[in-house]
Amino acid sequence: MNHYCPTHLKKALVLALLISFFSVFTPNQCVLAQSKTIFTKGIISDIKIEGLQLIEKGLIYSSISSQRLTNLSPKTVSEDIKAIFRLGYFENVSVDIEILSKNNVELIYKVVEKPRIALIEIQGNYLLDDQILKEKIKVFKNNMVNRSRIRADVNVILGEYRKKGYVQTKVDYRIEKIDESSVSLIYKVTESPRVYLTEINITGTKAFPALDIERLLQSSEIDCFSWANESGVFQESKINQDLQIITQHYLSNGYIKVKIDKPDVTLIQNRDYSKVIVNLNIAEGGQYFTGKINFVASDQQDLLFDPEEMKSEFTLQPGEIFNPFKQNQDRFRINDVYLERGYAFSQIFTRTNIDDDAKIVDLTYNITRGEKAYIGRVEIQGNYETLDSVVRRELTIHDNELFNGLKLRESQQAITRLGFFAPATGVRIRQEKSEDNTLNYDIKLEEAQTGTFNASLTYSGYDGFAIVLSVSKKNFLGTGETISFSTEQQEGGDSRYDFSWTIPYWLDTEFTGNFRVFSIFESETYYNTRTSGFNFGVSYPIWKNWTLYSTYVWQDEDYLDIDPTIGEELLDGLTKNLYRSLRVGSNYSTVDHPMFPSKGYEASFITEQFGGGILGGSIEYRSYTFNAKYFKTFNDSGTVTFGAKFNWSELQQTNPD
């Protein structure tokens, strides 16, 4: 225990009133911060901090409430000591006062810093590598000792062992003193044999075969491939997830009173491994169906929709198997109607009336409209590279307008579709209510990597060595524009250069401009071909997810070094071909992210006319192309996604001559 006395007797004596003493306890130590300083009235002329080694004084000054040229307050000083302790950097804090004159005093806060962690060791971990564990923990060298963070890292290490099936492994820690200012932190691991799930027994099922339930589970019994894919490794977290999966399966099929008993887990221990047998008993209950659906305005105001029309749009219809998840979707559908009309504080509660004899669930949606809300301000945070204007032009909500929940959702989706921000968590909107039913919004962005550089060296027996370089940058200079350049050089002399530039909101309009220039040289046996040209196109969003676009293509093919016999015969005497085309198409897309799609579909139809009429050129024909893509995620985290693609094209001769 450290004890601090009043200021030295050689200094001016301090008058009467004991301010405080308090202590802070941790499991392994008792730290006492005490002051027997006697206070008198006076003005604080100066504040000093003593005992700091590594912590900046500014951190303490910004934490305390006592200020220079203010009256000395015992209560404020006491709160200051507590505030300094809460910073978590100090073992001991005390305060002394020195009288400078009759009405002026000097405050002196004395602190003792916690020791630094000079060394971190993990002992006893033979099954998991040091590097793997140290990458997971959050306490690092040179951090101050913080026991709550250390205990959190103990749980992290335990979690890594449990993921691998070592569920009986134990982890502890100890702190050893090196000197007055530094310590070593040692995590002690006591490993145990791996636990395998050898048997899952499911009983009580009548509506579904036990085997069908087992197929839903994430946990799996040990099999002959466990050495390769770790199947059969027992994980308690997976068992808990399996219980939720089984419950959701029954609920979605109308068994709303399903009950799963606490799993009966039998552990059989051996020297080299342990095995677990899990018994699950399910009491299914009866299957329930949807009955009447009613709407009640709890605030006695008119409904904002026609009840019959709303019912027809519901995913849950009378007579169908009752599904609480579909019922929630229908509740959100009602809520969207009110949010779109500006009622941000509307409330929709569902009251269920369950008839156990008839196995019917009647639904009543109780609706409270609330007051209309308005948007106060919309601020954008986290866009360190992207210009504010690039984000704001995607917004359909604006300052000082009536709230619209649909526009808010569309704005978030539009920003995500830019592809400049991290998937899933890169665009978050935080709502804050202020006075007069005004809502302020902070759009928090997490920018993603938008530039790529690729280089490759290839070899083939026909072309020899080839080097390919490409560089592209989306959101160039934060403007939302995309540029890319690629080149390929082959040992045989073939080469390709390609540059493209995409400009959204071209000339401050809704149009998107596209420009491409290219040059290709290809050597053949009897002649060489040099192709050069450019494309220029524009696109325009005609309605919601629909886009209309058009592209003009100018391309020349020059035939060089033609063999006078075979080459001229193959080319039919031509030395040049001119390609001039106009491409017109439309695109519909609900895909959530351009680079990492997880849901939505996209369809496009393109017709392209080559040559003829005002287009000119030496080649004339027409092409039709239809493309479709579909994406669907299979889990909530979006890590497993199904994708399908369909392409169709046809060429049509337009000039038989």
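For region 56-181, what does the equivalent ellipsoid look like in terms of its semi-axes, each the square root of 5 times an eigenvalue of the Cα gyration tensor, given largest first in whole Å? If you can, show how the numbers build up before the last one.
Numbers: eigenvalues 385, 38, 22 Å².
Working from the Cα gyration tensor, I get semi-axes of 44, 14, 10 Å.
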- Query: So, how do all the Cα-to-Cα distances of region 149-199 break down into 5 Å bins, in percent, from 0 on up?
  - Reply: 5, 19, 23, 17, 13, 10, 6, 4, 2, 1, 1, 0
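Give me the extension gain from S486 to K48: residue separation times 0.36 nm, minus the current Cα-Cα distance, reported in nm with one decimal. Don't skip to the end; give the middle numbers.
Values: separation 438, 0.36 × 438 = 157.68 nm, distance 6.26 nm.
Taking S486 through K48 to full extension adds about 151.4 nm, to one decimal.
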- Quick one: go through region 262-277 and flag any residue whose amide nitrogen is under 16 Å from the point 7 Å out along the Cα-to-Cβ line of E191. 271-274
- Task: Quick one: Debye curve from the alpha-carbon atoms of region 527-583 only, equal weights, vacuum; give me log10 I(q)/I(0) at q = 0.14, 0.24, 0.30 Å⁻¹ to two decimals.
- Result: -0.54, -0.90, -1.08
- Coarse-grained scattering of region 531-657 at q = 0.23 Å⁻¹, given as base-10 log I(q)/I(0) from a Debye sum over alpha-carbon atoms: -1.28
- Query: Can you give the Rg to Rh ratio for region 36-118, taking only C-alpha atoms and Rh from Kirkwood?
  - Reply: 0.99
- With all distinct Cα pairs included, what does the Kirkwood hydrodynamic radius of region 332-436 come out to in Å, to one decimal, could you say? 16.2 Å
- Query: Ignoring ligands, DNA and RNA, how do Y527, Y559, Y497 rank by accessible area with a 1.4 Å probe, largest first?
  - Reply: Y497, Y527, Y559
- In the chain, what percent of the accessible surface is made up of carbon and sulfur (1.4 Å probe, ligands and nucleic acids excluded)? 52 percent
- Task: Please tell me the relative contact order of region 364-506 in percent, rounded to the nearest whole number, where contacts are Cα pairs under 8 Å and at least six residues apart.
- Result: 20 percent
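With a 1.4 Å probe and every protein chain left in place, work out the accessible area per residue of region 357-500 in Å², rounded to a whole number.
Details: 7670 Å² over 144 residues.
I get 53 Å² per residue for this part.
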- So what J values fall out for region 314-325 if you push phi through Karplus, 6.51 cos²θ - 1.76 cosθ + 1.60 with θ = phi - 60°, rounded to Hz, Gly and Pro as x? 5, 7, 10, 10, x, x, 7, 4, 6, 9, x, 6
- Item | Theoretical FRET efficiency, 1/(1+(r/R0)^6), r = Cβ-Cβ of V591 and V265, R0 56 Å, to 0.05 | 0.80
- Whole Å is fine, so just give me how far the alpha carbon centre of region 56-114 lies from that of region 435-501. 55 Å
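Say R0 is 56 Å: what FRET efficiency, to the nearest 0.05, do D356 and T641 get from their beta-carbon distance?
Values: r = 41 Å, r/R0 = 0.74.
E(calc), rounded to 0.05, equals 0.85.
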- Reachable aspartates and glutamates, given that their alpha-carbon falls under 17 Å from the alpha-carbon of K632 and they are not under 8 places away in the same chain: D592, E602
- Report, ordered by chain and residue number, the aspartates and glutamates lying within cross-link reach of K259, taken as a straight Cα distance under 15 Å and ignoring same-chain residues fewer than 8 apart. D242, E284
- Query: At what distance in angstrom do the alpha carbon centres of region 334-372 and region 154-200 lie from each other?
  - Reply: 49 Å
- Roughly how tilted is helix 236-252, in degrees to the nearest 10 and between 0 and 90, from the longest Cα axis of the chain? 60 degrees
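For the chain, what's the relative contact order in percent, using C-alpha pairs closer than 8 Å and at least 6 residues apart? Please report the intermediate quantities before stating the final value.
Working: 1403 pairs, mean separation 32.7, N = 657.
After rounding, I find 5 percent.
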- Message: Need one number: convex hull volume per residue for region 182-271, Cα atoms only, in Å³.
- Response: 179 Å³
- May I ask you to list the lysines whose Cα is less than 20 Å away from that of K75, ignoring any residue fewer than eight positions away on the same chain? K36, K41, K48, K110
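Accessible area, 1.4 Å probe, largest first: how do H593, H398, H249 sort? Don't jump to the answer; show the numbers that get you there.
On the way: H593 5, H398 95, H249 50 Å².
The ranking, largest first, comes out as H398, H249, H593.
With N set to the number of residues, divide the alpha-carbon radius of gyration of the chain by 2.2 N^0.38 Å and report two decimals. Show your work: numbers first, answer last.
On the way: Rg = 36.1 Å, N = 657, 2.2 N^0.38 = 25.9 Å.
Working it through for the chain, the quotient is 1.40.
For the cross-link pairs K206/K257; K170/K275; K163/K188; K407/K474; K257/K359, which exceed 21 Å when the distance is taken from alpha carbon to alpha carbon?
Values: K206/K257 14 Å; K170/K275 18 Å; K163/K188 18 Å; K407/K474 26 Å; K257/K359 11 Å.
The answer is K407/K474.
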- Note on the structure: Full extension between E650 and A603 adds, at 0.36 nm per residue less the Cα distance, a length in nm of 15.2 nm
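Taking 2.2 N^0.38 Å as the expected size of a compact globular protein, what ratio does the Cα radius of gyration of region 301-393 give against it, to two decimals? The partial results should precede the final answer.
Numbers: Rg = 18.9 Å, N = 93, 2.2 N^0.38 = 12.3 Å.
So the Cα radius of gyration is 1.53 times the expected 2.2 N^0.38 Å.
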- Ratio to report: Rg/Rh of region 402-445, with Cα atoms as the point set and Rh obtained by the Kirkwood method; give two decimals. 1.03
- Message: Give me the three principal axis extents of region 123-172 from the C-alpha atoms, as integers in angstrom, largest value leading.
- Response: 32, 19, 16
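Between E446 and N294, what length comes free when the chain is fully extended (0.36 nm per residue of separation minus the Cα-Cα distance, one decimal in nm)?
Working: separation 152, 0.36 × 152 = 54.72 nm, distance 4.32 nm.
Answer, rounded to one decimal: 50.4 nm.
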- Sequence-distant or interchain residues sharing an amide H contact under 5 Å with A297, placed H: which? I367
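The values are calculated or read from the model by the stated rules, or taken from the named source; none is laboratory data. Remember, predicted model here, so these are calculated numbers, not experimental data. So basically every Cβ, Gly included, is an ideal-geometry build from the backbone, and we count neighbours across all protein chains shown. Protein only, heavy atoms only, side chains kept; ligands, DNA and RNA dropped before computing areas. Shrake-Rupley method; radii C 1.70, N 1.55, O 1.52, S 1.80 Å.
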